[in-house]
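For reference, the structure discussed in these notes is given below.
The values are calculated or read from the model by the stated rules, or taken from the named source; none is laboratory data. Please read these numbers as outputs of a predicted model, since none were measured by experiment. When we count neighbours, we look across all protein chains shown, and the Cβ atoms used for this are built from the backbone with ideal geometry, even at glycine. Protein only, heavy atoms only, side chains kept; ligands, DNA and RNA dropped before computing areas. Shrake-Rupley method; radii C 1.70, N 1.55, O 1.52, S 1.80 Å.
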Amino acid sequence: MSETNQQSPVSAGLAVVRRRIAAAAEAAGRDPEAVALIAVSKQQAADRVVAALEAGHRLYGENRVQEAAAKWPALRDRFPDVRVHLVGALQTNKARDAVTLFDAIHSVDRDRLARALADAMDREGRRPDCFVQVNIGEEPQKSGVAPADTDALVRACRETYGLPVAGLMAIPPADRDAAPYFALLAEIAARNGLAGLSMGMSGDYETAIRFGSTHVRVGTAIFGARPGGH
Ligand SMILES: *Cc1c(COP(=O)(O)O)cnc(C)c1O
């Protein structure tokens, strides 16, 4: 049975991405172990996600609270050591659900949300890692705090709300070279004393690793295309 699993497309996709992560890290003089692979399982068919779990992968990303709530509690029963990160936008009124469901939240991008998360963490007695999401290309349609306002939001998260801030997250503009945006995010993280950098997706994770990514969020390169195409 395990041999069949070894040959599943998802298992093969995971192996390729892991190999490329290791090669990119080594080329950058970094320890491959310092780059966490978040397998972004949003919208993927259940059998693909189970294939990744059976292949031994334990770190996943979802972009919607409701989808994750429908999917992960049952899978956590079968795979108790799994960790799930929220990589998508979070509404303030879902902060409590997010705190109970996720092991990290990559989309803290405003004061009101930081306050709601702090309240939810106090009530639930759970403290998922937080990443402050930066709108690194200053695109009007994207969420994230403006680069110029990031230091102030990081300070508020830490000092006013006492959130466990692990790092910064960004999605660079789709149609441009991602490298300068990754470099800028790394610079903002460094001046705030933040070690975590959630950056890099299927199309650019090797570039992100070159600029110090600690968390790559890879979906289609592992699982194949999403049914909705998003
Ligand atoms: C969907 C998504 C990803 C994964 O994208 P792929 O191109 O499939 O690797 C990564 N990060 C976020 C925030 C996403 O919404």
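Determine which member of the set Ala178, Ala186, Ala195, Ala190 is open to solvent by 70 Å² or more (accessible area, probe 1.4 Å) and within 20 Å of Arg217 (Cα to Cα).
Working: Ala178 fails: open to solvent by 70 Å² or more (accessible area, probe 1.4 Å); Ala186 fails: open to solvent by 70 Å² or more (accessible area, probe 1.4 Å); Ala190 fails: within 20 Å of Arg217 (Cα to Cα).
Criteria check complete, one pass: Ala195.
Could you list all residues from the range 177-206 that are among the small types (Gly, Ala, Ser), more than 10 Å from the ligand (Cβ to nearest atom) and in contact (Cβ under 8 Å) with a residue 60 or more places away in the chain?
Correct list: Gly196 only.
Considering Ala22, Ala27, which residue is closer than 22 Å to Ala208 by Cα, away from the ligand (no atom under 16 Å from the Cβ), at pLDDT 95 or above and touching a Lys or Arg at 6+ places or on another chain (Cβ under 8 Å)? Spell out how you get there, then give the answer.
Numbers: Ala22 fails: touching a Lys or Arg at 6+ places or on another chain (Cβ under 8 Å).
Criteria check complete, one pass: Ala27.
I need every pair where a residue in the range 207-230 that is closer than 17 Å to Ser11 by Cβ has its Cβ under 6 Å from the Cβ of a residue that is more than 9 Å from the ligand (Cβ to nearest atom) and open to solvent by 50 Å² or more (accessible area, probe 1.4 Å), sequence separation at least 6 or different chains.
Close Cβ pairs satisfying both conditions: Phe223/Arg48.
If a residue has to be closer than 17 Å to Asn135 by Cβ and β-branched (Val, Ile, Thr) to count, how many in the range 162-209 make the cut?
So the answer is 2.
Would you check which residues across the range 108-136 are closer than 19 Å to Gly200 by Cβ, out of contact with any helix residue (DSSP H, G or I) (no Cβ under 8 Å at 6 or more places or on another chain) and not aromatic (Phe, Trp, Tyr) and list them?
Selection gives Asp129, Gln133.
Are any residues in the range 51-83 aliphatic (A, V, I, L, M) and under 21 Å from Val134 (Cα atoms), and if so, which ones? Reasoning before the result, please.
Residues of the range 51-83 that are aliphatic (A, V, I, L, M), as a first pass: 51-53, 55, 59, 65, 68-70, 74-75, 82.
Within the range 51-83, Val65 is the sole residue that qualifies.
What is the number of the single condition among (1) within 11 Å of the ligand (Cβ to nearest atom); (2) among the hydroxyl-bearing types (Ser, Thr, Tyr); (3) buried (at least 21 other Cβ atoms within 10 Å of the Cβ) that Ser213 does not meet?
Only one criterion in (1) within 11 Å of the ligand (Cβ to nearest atom); (2) among the hydroxyl-bearing types (Ser, Thr, Tyr); (3) buried (at least 21 other Cβ atoms within 10 Å of the Cβ) is unmet by Ser213, namely (1).
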